[in-house]
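In what follows, a structure is listed as structure tokens, so that the remarks can point back to it.
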Amino acid sequence: MEISVIAPVYNEEENINRLIENVEKVLKQNFKSYEILLVNDGSTDKSKEILDSVENENVKVIHFEKNCGQTAATAAGFKYSEGDIIVTIDADLQTDPEDILVLYSYLENYDMINGRRATREDGIIKKISSWVGNTARNIITGDDIKDTGCPLKLFRKEVAKSYYLYEGMHRFLPTLAKINGFRVIEVPVRHYDRMFGQSKYGVWNRLFKGLKDAFAVRWMKKRHIYYTVLNEEI
Ligand code: UDP
Ligand code: MG
């Protein structure tokens, strides 16, 4: 399998079919084999029924028993995807699947390519809280990622499978990839307003949870184990 695109889905009934259509258009034209993996994180709207009615051999669906959060949905996506390249995208159509190709073009020199929302189409409050969040996270973790929350991210399989994720860690994927020794770059992508459905986060829960978690990442970075094996054969 050349590429897997995974999307967490929590109450996105109006976006699902549009998402599949838009993502598949790009994948069909540019890759020999692909899958779209949709992880239903315990939706309570019609998302489950809509996902179950999809008749497309390139689409895989995972249903959680109940809402477990975006990190859990992302982790399940990583676990069950079979592509050599793995892409994450939100189900809400706020980013453009065409930009997968932009990220893909950096693969020769990088292992993980993180989108950076160049034209951020969110309200001013969200933009400010995102800036505060990124800045504080970077100070705590000693990183310089501008937009860790960008939904569009591309990983070599080795990177996606290297993560051992805990709740909240979907906000630190570029930093965690660097800790694991991978080459990471941020690349501008387009961003649009959410047309259907609602954001699942408020300003405060996003910011404070993310800040607490930053201390865990700081600890992980400090305590990461590095060793070099000297003997050529074992
Ligand atoms: N999401 C999820 N579980 C949750 C919250 C969100 O799977 O508990 C999904 C959601 O359906 C969307 C993505 O994660 O595909 C990002 O959520 P949202 O668009 O609400 O976040 P924002 O763009 O406002 O940061
Ligand atoms: Mg969104």
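Annotations for the structure displayed:
- Residue match in the stretch 27-34 (condition: without any contact (Cβ under 8 Å) to a residue 40 or more places away in the chain, polar (S, T, N, Q) and either closer than 11 Å to Ser81 by Cβ or crowded, with 19+ Cβ neighbours inside 10 Å (or both)): no
- Of all residues making up the stretch 193-212, the number that are under 20 Å from Asn138 (Cβ atoms) and at pLDDT 95 or above: 0
- Some residue of the stretch 106-121 being acidic (Asp, Glu), farther than 14 Å from Leu173 by Cα, within 15 Å of ligand 2 (Cβ to nearest atom) and touching a Lys or Arg at 6+ places or on another chain (Cβ under 8 Å): no
- Residues that are touching a residue at least 40 places away in the same chain (Cβ under 8 Å), in a loop (DSSP other than H, G, I, E, B) and either over 21 Å from Val132 (Cβ atoms) or within 15 Å of ligand 2 (Cβ to nearest atom) (or both) occur in the stretch 213-224; there is at least one.
- Selection status of Lys46, away from ligand 2 (no atom under 16 Å from the Cβ), over 19 Å from Ala160 (Cβ atoms) and in contact with an Asp or Glu (Cβ under 6 Å, 6 or more places away or on another chain): yes
The values are calculated or read from the model by the stated rules, or taken from the named source; none is laboratory data. On a predicted model such as this, the values are computed, not experimentally measured, just so you know. When we count neighbours, we look across all protein chains shown, and the Cβ atoms used for this are built from the backbone with ideal geometry, even at glycine.
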